[in-house]
Amino acid sequence: MRTTGKRPVTMLLAAILAVWTLMPIYWILNMSFMHNRELIAVPTHVYPHQPTLSNYVRLFGGTAAGPTGEKLLPIGQGPQIRQGLVNSLVVAAWTSLATLLIALPAAYCFGRLDFRGKTPLLFAIIASRSYPPLAVMIPFYAFFQAVGLHGTRTGLVIINLTATVPTVVWIMSGYFGSLPATLERAARIDGLTRLQAFTRVILPLARPGVVAGALLSFLMSWNEFAFAWVLTAGSKAVTFPPALSTMFFQISWPAEMAAASVIGLLPAALLGYLFQKRMQTLNIVDPL
């Protein structure tokens, strides 16, 4: 009876949390389908009275008709936004791949092997996530300028690894440690080397965790703003977050920025939806 009595309260709190979480997404989606004239109407429209795709069409270089039939030209920041989307996809994909190549063997060692200095070394890797980006931004900027990586996608991939690798090592070391040791022991008895046992036995068993680690790396790279702004803003390697931020400093209307924001949300939302079951297999909590 006590559990039944708590259920309405739990459902009410869940509904409040859902509204709190989804309202900004709904509002920016709502804005993206409005003309700017409707967007500034008083009282505010909670849904588009004249739904339009003109903001999306103009963002991708097309022309569209305005609310009174006037011709609306393409959005000036459209090329930079489109280039930013491409760069973000490339950087996030390469970051995910490089993260797995580096973090999975390291996590396996921390999760399944005993060696001297294991705990301090793991702590040092996790502690590298504790410093604020601003504390190391100037040294990274100077170093990348010196070696020719400033304004390149390669440089941004490298800088993203400083965040994704420690996080995935932390997550996957616990995941590898929870796998049964008997299967790996049997594989070693059958003549497999430790590397062969890792690739043929452990990795297939850890596939849900590997997928979750790759997705987490992709999302962290996709959302990176601070380093991306300093290292790529104004260059051909600019990613989506810095490209979107330029719309705030130039003459743009909120509806156009809303359309660009919605497009930037789509890849992450789609991946999250497709792999949500994989994500639920791990207790993914950023240790710092």
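Some observations on this one:
- Residue-count net charge about THR68 - beta-carbon cut-off 13 Å; Lys, Arg +1, Asp, Glu -1: 0
- Degrees, to the nearest 10: 2-32 long Cα axis against longest axis of the chain: 50
- Summed residue charge, Cβ within 11 Å of SER173's Cβ, Lys/Arg positive, Asp/Glu negative: +2
- Based on the Stokes-Einstein relation at 20 °C and a viscosity of 1.002 mPa s, and on the Kirkwood radius from alpha carbon pairs, region 2-72 is assigned a translational diffusion coefficient of 145 µm²/s.
- Annotation: the residues PHE225, PHE144, PHE248, sorted from fewest to most other C-beta atoms within 10 Å of their own C-beta, follow the order PHE248, PHE225, PHE144.
- Length, then width, then depth: along the principal axes, the Cα atoms of region 124-186 run 51, 22, 13 Å.
- The residues neighbouring GLU184, those whose beta-carbon lies less than 11 Å from its own, together hold a net charge of +4 under the Lys/Arg +1, Asp/Glu -1 convention.
- Relative contact order computed over region 2-72 (Cα-Cα under 8 Å; 6+ residues apart), in percent: 21
- Degrees separating the helix 207-223 axis from the principal Cα axis of the chain, which is the longest one: 40
- Close amide H pairs (under 5 Å, H built 1.01 Å from N) link ALA64 with LEU72, residues at least 5 positions away or on another chain.
- Cα principal axis extents for region 123-228, largest first, Å: 52, 24, 24
- Proportion of all alpha-carbon pairs of the chain beyond 36 Å (%): 34
Readers should treat all values here as calculations from the given coordinates under stated rules, not as data from a laboratory. Keep in mind that this is a model prediction, so the values were computed, not measured. Please note: Cβ atoms are built from the backbone with ideal geometry, for glycine as well, and neighbour counts cover all protein chains shown.
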